Every structure is written in structure tokens, then in C-alpha cells.
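Chemist: My structure is below; once you've seen it, I'll send some questions.
The values are calculated or read from the model by the stated rules, or taken from the named source; none is laboratory data. These figures come from a predicted structure and were not determined experimentally. Cβ sites come from the backbone with ideal geometry, for glycine too, and all protein chains shown count toward neighbours.
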Ligand code: SF4
Ligand code: SF4
Ligand code: SF4
């Protein structure tokens, strides 16, 4: 008993220490990114080629002709770059270069008339690799023609620092494709995607028959497998490291405190079960892992394949849209910024449409199969099992506490935007896919919350999912979802294995004995069920549980498979089993 009290005090001290560490972590481990552009060396190469910037891993190079002036954007305006080779940039350098080449006389459109040509090149270093709420713009007299890359879909075009409204702009992509696009009343053009931008593109504007202006726009080329990509992943690496330290301390502490006592086992007896090793059998779980891995990859790098085709699909999972490379948009961002969303009907309709389609067709199976955040928790759980470390089982009372926490999370999630806050400031998902895709983000408290998610997910499977506000909202559609969990109350022997196995602590799967209609097909789907299929896999009775799609069984409990996976190995000595 003494040990238990001492343990509780130590855990409380440990938790407070973590909170204090988190306060400092915002500036240390999860530091604010300060663009390390000093590493760039700007070279002006006078080789007579068309004006453009090119990136060569960590260095930016300007290929230019004569009559060229190079400018660096600083917080106090455009500063002329006079040196041919620059080792250190102005201290208030804001991350962009522009070069302007004048005095060219050419017939650019082949109409036999020689025009005055002004060529501009502009590059925003790391713009597409990091989140910057304000796009970089010179808007200076020295740079007569400029484009400003606003977000993953649009540019604003400026001529003499004024937006070019309702005018034709010719856009030439890196592969030679030429598009004629028209600016809107704000000077914006859309229809280009991140991949076009990454490859470099040229905008040409002819205000009259005698003058032609063109600008080549280039951002840092693909950074995957470069030092910058690694540096973007650094905070995630730190999170893993801090989580590993916390887990090790926890394991040591528990060994110390409970060495003479049995570890506390919850009412469900999950710990005892965990000792039983399962054998590999190809089936539903294998398919689930394959889909989870594919979804994870697509939600990190998918738009590199598809561009912005799916960017209006607001997938209801925790996938951070600050990763501009992810396949789809994210309902988590929309729902936590309802204050902004309600300002645009177009966005509301796009959001509601895709959200409802996903919710009805898939429901919380998205949690079990697609959400990257669910995946990372499952990886943590598997790591614990591989290391043969005891998990922590929760009893009903603790699950009820988590349900209360979930309501609090929901109120914060939906309401924080209306009181001037930003859920993303402490959202753990920000630490995951943007970092892996190479987007540099300042994590602040989100990094700390991610440590909590990983450590809790390590000891208690899908711990965060038990309090996840997005999962909660998704669960509200369980009645209309096409995927269902069905129970045959006749085949069920009330062994309780399904309850023990369920990562969401759903007791009704075990206790329900009757429902509407046939007792051999009772719908036991609840709003918490993530359709992971764990209960079906652990059920030892043929057909007692099944996951169905449109009423058709796609996975059902199977005694033979259960025996194959969990039956104790036969002892070499006759009559003896290992466990
Ligand atoms: S409940 Fe889990 S799996 Fe579902 S959206 Fe939330 S974090 Fe993702
Ligand atoms: S595991 Fe199967 S047999 Fe056991 S209580 Fe659950 S549904 Fe019934
Ligand atoms: S009830 Fe079954 S399918 Fe649903 S979350 Fe629990 S174990 Fe997974």
C-alpha cells in the first residue's frame, strides 16, 4: 500500500516536471524555426541564359545575362545585392531574391515587331517547405513585374506594385506546357499546383504591343533526402527521443515500486492476455496494416502524385494540412476553425459534402484504417508488445473519465477559434506528417502533447483516440455508416474476450444480448467503435461477432483462426504446455 501511495506521488511529480519541461520545450526542443539561409551561397553566373534561379541542394544560384540587378528581400525593403558571391546575407533577410534584367530588345511573340523586354526572376527560399502565413512580396519600384505565391493554388500578379486585374497571363511550365490564364478582380490566378511551382514556371504579361514582361518563379526544388529535410524532421526525432526517455523512466519506476507486489491489473485482465503471444495469420488485421501504411504514405506525400485534385476533400482524420504534400484537405483544420469557415458558403458546402460522404460511407473505419494519428499510436502499441513490456489496463471508471475528457476536448476543438485561440497551436498532429514531408514548423506545445500521445499510446493502445474530438464527431454517424459490427447472441458464450481486447473499452459488445430484430444479428456498433476488428479476432466462437459492409459479412469470428493465433504451443514433453 505504501508503495502505491509513493508511486502516485512520484507520478504526480513526474507529470508536473513534464509540464514545466513543456514550457521550456516550446523554445528548446520544439524551437521556433529561424530560417538558416546563411548556408546559401548566391552566385551570379554571366552565361547569357534566360533569367532564372536554380537550386542545387543547399545553395541557390542565379543564371543571368547582362544588365542584371539582384535584390534580396529584407524586412526594410529590397536591398541590392552587389557582390558576385555572398557568404552572408543582410541580417534582416526575409527569404526571397529577385533579379531584374532590362535593356533587351526581342520579338518574343513572333509578330515581326521588336519589343522592349524586361525579365525578372524571383525565388522564395523554402517557401513551400515551411509554413509562412504571409507570402513574400517585394512590391518595389525596382521590380516592375512580380508574382506572389499565396498558397498551394494561387498567385497574385503585380505590375508596378498594383494587382493586374482581369488580364491574360501566359504561363510556361518547366515541361514546356503553355497555359493562358486570366487574373480575377484581385489579380489572382489559380489552376497551378505545388508540383508546377516546385518545377519552376514563367509568367509573361504584355501590357501593350511594345512591352513584354516575364518573371520566372522558382522555389526550392524537392528537398526530400537533403539536409533540409532532415532538419525539418528534427523536432519529430526529438519527440521520439523524449518519449523513449519517458517510457524508460516509467518502466524503471514501475519495476522499483512494484517489485514485491503484483502489477495492478484492471477488471478486464488485459495484462494477463498480453502475455499470450499471437502468431502471424494473414487476414483482416494484415489488410488493415497494409491500408494504414498506404494511407499514411498518401497523407504525407500523396499530392506529389495527384497535385491538388483532392485538396477539397476534407477527410475527417487527424492529418495536418500544414503538410502541403498531403493528398487531401483535413476536416480537423476546418472543424477547429469554424469561425473562419462560416465566412464562406463555398467552403461550407465543400466541407459538409465530403465530410458527410466520408462519414456515411466509411464512418469510424477511417479511424481504424486511415488516420495517420491512429497509425502512429498502433505503431507505439506494437513496439511495446515487441519489447514485452506490460501495458496499462483501464477499468470502467477510467474509461468514463476519458469520456468526460473527450467532451472537454470537443468543446475546446470546436470553440477555441471563436474566442481568438488556435487549436493548431497545441495540436499534436502538427508534429507528424508536416515534419515527415519536410515542412518546417514551430511546434510549441503541440510537440509536448505529441510526447503525451506517444507515451500514453505505448502503454494503453489508442489512448488519444479515447479522447479525440474528431473521432467523437465522426462517431455520431455510426447509425448511418455502411460498416457495422454485428453480434450473434446465440453463438456468444459471454467469455468477455472482446471487451478485454477492445482498445476503446466498449463493454456493450460483450454485454448486449438482445436488440432490434434478429438476435443472431444484433447491431452492436457504437459511436466509439473504430472498426479495428480486434474484438472479432479475439472472439473464440464461430460467427459470434462480425464486421459487415452493406449487410454483408466481411470479417467474422472464427474458432480455427483463433486457435491458430492464440493456442499455446505444444510442449515437446508430453502433457506439458508452456503457458
Ligand atoms: S479517434 Fe484516433 S484515429 Fe480517429 S480521428 Fe481521432 S486520432 Fe484519428
Ligand atoms: S468474445 Fe465472442 S463469445 Fe466472448 S463475449 Fe465477446 S462476442 Fe461473446
Ligand atoms: S468494438 Fe471491436 S471493432 Fe470496435 S473498437 Fe472495439 S475492438 Fe475495435
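Chemist: Given (1) under 23 Å from residue 285 (Cα atoms); (2) assigned to a loop (DSSP other than H, G, I, E, B); (3) not assigned by TED's automatic domain parsing to the domain that holds residue 552, identify the lone condition not met by residue 505.
Modeler: Unmet condition: (3).
Chemist: Something else now. Only one residue in 350, 380, 386 is without any contact (Cβ under 8 Å) to a residue 60 or more places away in the chain and either within 16 Å of ligand 2 (Cβ to nearest atom) or within 26 Å of residue 435 (Cβ to Cβ) (or both), so which one is that?
Modeler: Numbers: 350 fails: either within 16 Å of ligand 2 (Cβ to nearest atom) or within 26 Å of residue 435 (Cβ to Cβ) (or both); 380 fails: without any contact (Cβ under 8 Å) to a residue 60 or more places away in the chain.
It is 386.
Chemist: Quick check on the range 471-487. Is at least one of its residues touching a residue at least 40 places away in the same chain (Cβ under 8 Å), out of contact with any strand residue (DSSP E or B) (no Cβ under 8 Å at 6 or more places or on another chain), assigned to a loop (DSSP other than H, G, I, E, B) and closer than 30 Å to residue 389 by Cβ?
Modeler: Checking the range 471-487: not a single residue is touching a residue at least 40 places away in the same chain (Cβ under 8 Å), out of contact with any strand residue (DSSP E or B) (no Cβ under 8 Å at 6 or more places or on another chain), assigned to a loop (DSSP other than H, G, I, E, B) and closer than 30 Å to residue 389 by Cβ.
Chemist: Please enumerate the residues belonging to the range 346-400 that are part of a helix (DSSP H, G or I), closer than 20 Å to residue 480 by Cβ and within 12 Å of ligand 1 (Cβ to nearest atom). Please lay out each step first, then the result.
Modeler: Here is the first cut: in the range 346-400, the residues part of a helix (DSSP H, G or I) are 346-361, 365-369, 372-386, 396-400.
Those left that are additionally closer than 20 Å to residue 480 by Cβ: 349, 351-361, 365-369.
If the condition is that a residue be part of a helix (DSSP H, G or I), closer than 20 Å to residue 480 by Cβ and within 12 Å of ligand 1 (Cβ to nearest atom), then 358, 359, 365, 366, 367, 368, 369 are the ones that fit.
Chemist: Another question about this same structure. Out of curiosity, is residue 519 more than 9 Å from ligand 3 (Cβ to nearest atom) and part of a loop (DSSP other than H, G, I, E, B)? It would help to see each step written out before you state the result.
Modeler: Numbers: more than 9 Å from ligand 3 (Cβ to nearest atom): yes; part of a loop (DSSP other than H, G, I, E, B): yes.
The answer is yes for residue 519.
Chemist: Working only within the range 488-502, note down all residues that are in contact with a strand residue (DSSP E or B) (Cβ under 7 Å, 6 or more places away or on another chain) and surrounded by fewer than 19 Cβ atoms within 10 Å (Cβ to Cβ).
Modeler: Taking the range 488-502 and keeping what is in contact with a strand residue (DSSP E or B) (Cβ under 7 Å, 6 or more places away or on another chain), we get 489, 498.
489 - this is the single residue of the range 488-502 that is in contact with a strand residue (DSSP E or B) (Cβ under 7 Å, 6 or more places away or on another chain) and surrounded by fewer than 19 Cβ atoms within 10 Å (Cβ to Cβ).
Chemist: Would you confirm whether or not the range 401-409 contains a residue that is in a loop (DSSP other than H, G, I, E, B) and out of contact with any helix residue (DSSP H, G or I) (no Cβ under 7 Å at 6 or more places or on another chain)? Reasoning before the result, please.
Modeler: From the range 401-409, those in a loop (DSSP other than H, G, I, E, B) are none; that's our starting set.
No.
Chemist: List, please: which pairs have Cβ atoms under 6 Å, are six or more places apart or on different chains, and start with a residue in the range 554-565 that is within 15 Å of residue 501 (Cβ to Cβ) and assigned by TED's automatic domain parsing to the domain that holds residue 543 and end with one that is part of a helix (DSSP H, G or I) and within 13 Å of ligand 2 (Cβ to nearest atom)?
Modeler: 555/536; 557/536
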